[in-house]
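Here is the structure we will look at, set down as structure tokens.
The values are calculated or read from the model by the stated rules, or taken from the named source; none is laboratory data. Please read these numbers as outputs of a predicted model, since none were measured by experiment. Please note: Cβ atoms are built from the backbone with ideal geometry, for glycine as well, and neighbour counts cover all protein chains shown. Calculation scope for accessible area: heavy atoms of the full protein, side chains included, ligands and nucleic acids excluded. Shrake-Rupley method; radii C 1.70, N 1.55, O 1.52, S 1.80 Å.
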Amino acid sequence: MTTLQRRSLLVGAAAATLGAPAIVRAQNMDKGSDWPKGPIKIIVPFPPGGSTDPVARIIQAKLIETTGWNIIVDNKPGGTGAVGSAVAAKSPPDGQTWMLTFDSHILNPAFASNLPYKDSELINVMLIGRTPQAIAAHPDRPYKTFAEAVEDAKKRPGKVSMGVLGASQALVLMTLIKRENDVDINLIPYKGGGPLNQDILAGVTDIAIGSTTSLSPHFRASKVRPIGVTGEKRTPALPDTPTLIEQGIKGFPSYSWWGIYAPAGTPRPIVDRMNAEVAKAVHSADVTQKFVDQFNMEILTTSPEAFAEFQKVEQERWTKVIKDNDIKGD
């Protein structure tokens, strides 16, 4: 068995735990009954737009409706999420401050050695959900699958251009794919999904990789063509688009995901109650429908332990790829 296969099995084992419902102990719920003690702040370490901010605001609205809590979403953008993460990490661990963030959060320690916070200063609360990434081709390009783009790149090394977010899981995945498949694709890093989408729509790049959330509207409008998805199986949003695994591309399954964190030291009874209330909110029929329709999200709502294990596996494998290939975040 190859190292790649062993890692894939490990990731698959971790992923198998994600669908388990959050377990909340009744006695812990009782101990957290005097919480909250004022407004609750949910820090989003990104600006409005994208996907993280609306995910937070949909949950905020439902929690206000179901609990009556005073909840504020506070955007703290900067440093690929590092600025807001530092604010959350340094906040009092009293249950009044939480953070809802995106998958790039766990890559920050590998990309930057001088982060203003430590991973140990934040605890896992819940992995809300995930969606595979998609690869798009400009309609003027001949590629019907990503495998065809790879074959072209092997014939014309460095000539096939691909838009990818800098300091992202997509950048790390594509660097791994280049190495494992012995192909030279010209990766062009972008600082945001907006500019990346603009350039693939304009044909500035031949192909691009992004979340199905951001690319699906352009697929539906036939402005770009889907040529691959990065999950373990096909996604309902693109049922006719084969996975990279189906196409014979060597690499790891990869997903964009959203998760909730709290300052280390936040009492477990409060963490359990927040976990339970968010799970209830996310599984409300209207919220679930929004997450599926708007974000192509596979709902997970894990326990803190399952989220922590998921992060450990993901962080270890992607950090190794970053270090082995000396990948820079910018």
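Quick check: anything in the stretch 244-254 part of a loop (DSSP other than H, G, I, E, B), of a type in the set (Ser, Thr, Tyr) and under 22 Å from GLU305 (Cβ atoms)? There is no residue in the stretch 244-254 that is part of a loop (DSSP other than H, G, I, E, B), of a type in the set (Ser, Thr, Tyr) and under 22 Å from GLU305 (Cβ atoms). GLU298 meets the conditions (1) surrounded by fewer than 16 Cβ atoms within 10 Å (Cβ to Cβ); (2) in contact with a Gly (Cβ under 6 Å, 6 or more places away or on another chain) in every case but one. The failed one is (1). Would you please name the residue that is surrounded by the fewest Cβ atoms within 10 Å (Cβ to Cβ), looking only at residues in the stretch 253-289 that are under 23 Å from ALA134 (Cα atoms) and polar (S, T, N, Q)? Top of the filtered list is GLN289. Condition check for PRO304 on (1) out of contact with any strand residue (DSSP E or B) (no Cβ under 8 Å at 6 or more places or on another chain); (2) in contact (Cβ under 8 Å) with a residue 60 or more places away in the chain: one failure, at (1).
Among the residues of the stretch 301-313, those identified as within 24 Å of ASP53 (Cβ to Cβ) and either open to solvent by less than 10 Å² (accessible area, probe 1.4 Å) or of a type in the set (Ser, Thr, Tyr) (or both) are THR301, THR302, PHE307. Within the stretch 226-257, being under 23 Å from GLY193 (Cα atoms) and basic (Lys, Arg) holds for one residue alone: ARG234.
Can you confirm whether PRO242 is open to solvent by 10 Å² or more (accessible area, probe 1.4 Å) and touching a residue at least 40 places away in the same chain (Cβ under 8 Å)? Criteria met by PRO242. Does ILE227 count as modelled with pLDDT of 95 or more, within 30 Å of THR205 (Cα to Cα) and open to solvent by less than 30 Å² (accessible area, probe 1.4 Å)? Taking the combined requirement at face value, the residue satisfies it. Residues satisfying the criterion are absent from the stretch 261-274 (criterion: under 30 Å from TYR190 (Cα atoms), assigned to a loop (DSSP other than H, G, I, E, B), hydroxyl-bearing (Ser, Thr, Tyr) and touching a strand residue (DSSP E or B) at 6+ places or on another chain (Cβ under 9 Å)).
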